[in-house]
Amino acid sequence: MRKPIIAGNWKLFKNALEAIELVTILKREFCDVEGVDIVVCPVFVVLRDVYECLMESNIGVGAQDLYWEDSGAFTGEVSAPLIKDAGAQYVIIGHSERRQFFGETNQTVNKKIKAALKHNLTPIICVGEVLAEREAGQTMDVLKKQCEESLAGLTNEEMVKCVIAYEPVWAIGTGKTATPAQAEEAHKYIRGLLVKQFSEDVGQSVRIQYGGSVKPDNIKELMAQPDVDGALVGGASLKSDSFSAIVKGAIPA
Ligand code: PEP
């Protein structure tokens, strides 16, 4: 039985004051919530503030990216040890916005996953097709290439520590959600890839989140799919009422 995981990707929103205000409410909202892992991913500069506020809570903290070297002459980058030191337990890697605007490739994603694992951070690895690829019937080929290249060289032990987020790019921030059937088809396919690339056990153990316009009113039907193990939530994670409803909607019956 895979434990659901809901993560909020705050993107480039929320300064320290706003972040503390939000997590103070979430901490209260979720104090009795069990059966689901909850994570918030603020911008780097407020990671420690958020972590300190959430220390005695059941909410984990994640970063939105990292650089694969531990230290060195890499102006502007932030490494796994620094993220860890600021309190993060998770890190989003390969988000489509990083791929689209910042030149992220499957090869850089691969290096970042290895750096995260080396420092005991749980990578949330994003994959997903753009609209033109879906319309051309290439979704599964894109997912195959992304998984094979991004996860290359990981051991089974490392792979089970990872979370995958299937995020069809056409559904991110657009209000267009994949239908539960479209999400399930992709998740099942990714799980099959993990079985082939690693083992049956690994395929059955790795949690696969869906991401793309998840809202309180679609979380339940997405979570009802057998291979959907949670959600990576952008816009709706920025408000306590919507994020709270999504987390509560993901609690197993
Ligand atoms: C995301 O940022 O990963 C995301 C899925 O955004 P949204 O929920 O706003 O579509």
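The values are calculated or read from the model by the stated rules, or taken from the named source; none is laboratory data. All of these numbers come straight from a predicted model, not from anything done at the bench. Methodologically, a virtual Cβ is constructed for each residue, glycine included, from the backbone with ideal geometry; neighbour enumeration extends over all protein chains shown. Just so you know, the surface numbers come from the protein's heavy atoms only, side chains and all, with ligands and any DNA or RNA stripped out. Shrake-Rupley method; radii C 1.70, N 1.55, O 1.52, S 1.80 Å.
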Quiz prompt | Exposure of residue 155 as accessible area (Å², to 10), given a probe of 1.4 Å and all protein chains | solution = 60
Practice problem: Could you look at the chain and say what percent of its accessible area is carbon and sulfur, using a 1.4 Å probe and all protein chains? | Solution: 53
Quiz item: When all protein chains stay in place, what accessible area (Å², nearest 10, 1.4 Å probe) is found for residue 126?
Solution: 0
Quiz item: For segment 5-249, what is the accessible area per residue in Å², given a 1.4 Å probe and the full set of protein chains?
Solution: 44
Quiz item: To the nearest 10 square angstrom, what accessible area does residue 102 show with a 1.4 Å probe?
Solution: 130
Self-check item: Environment charge of residue 66, counting only residues whose C-beta is closer than 9 Å and scoring Lys/Arg +1, Asp/Glu -1
Solution: -1
Self-check item: Hydrodynamic radius of the chain per Kirkwood, over alpha carbon pairs, in Å
Solution: 18.0
Quiz item: Sorting 30, 101 by accessible area (1.4 Å probe), largest first, what list results?
Solution: 101, 30
Quiz prompt | Net +/- balance of residues flanking residue 245 in space, Cβ distance below 13 Å, scoring K and R +1, D and E -1 | solution = +1
Quiz item: With every protein chain kept in the model, how would you rank 95, 119 by accessible area, 1.4 Å probe, largest at the top?
Solution: 119, 95
Quiz item: Assigning unit charges at the beta carbon (Lys, Arg +1; Asp, Glu -1) and nothing else, what dipole magnitude in debye, to the nearest 20, does the chain show about its Cα centre?
Solution: 100
Exercise. Please give every one of the aspartates and glutamates within straight-line cross-link reach of residue 111, meaning a C-alpha to C-alpha distance under 16 Å, and leave out same-chain neighbours fewer than 8 residues apart.
Key: 65, 69, 70, 77, 148, 149, 158
Quiz prompt | Given 161/188; 145/239; 176/248; 84/176; 114/176, the pairs whose alpha carbons are separated by over 30 Å | solution = 145/239; 84/176; 114/176
Quiz prompt | Equivalent ellipsoid semi-axes, segment 1-147, via Cα gyration tensor eigenvalues times 5, rooted, Å | solution = 27, 20, 14
Practice problem: For segment 122-175 and segment 1-57, write down the distance between their C-alpha centroids in whole Å. | Solution: 24
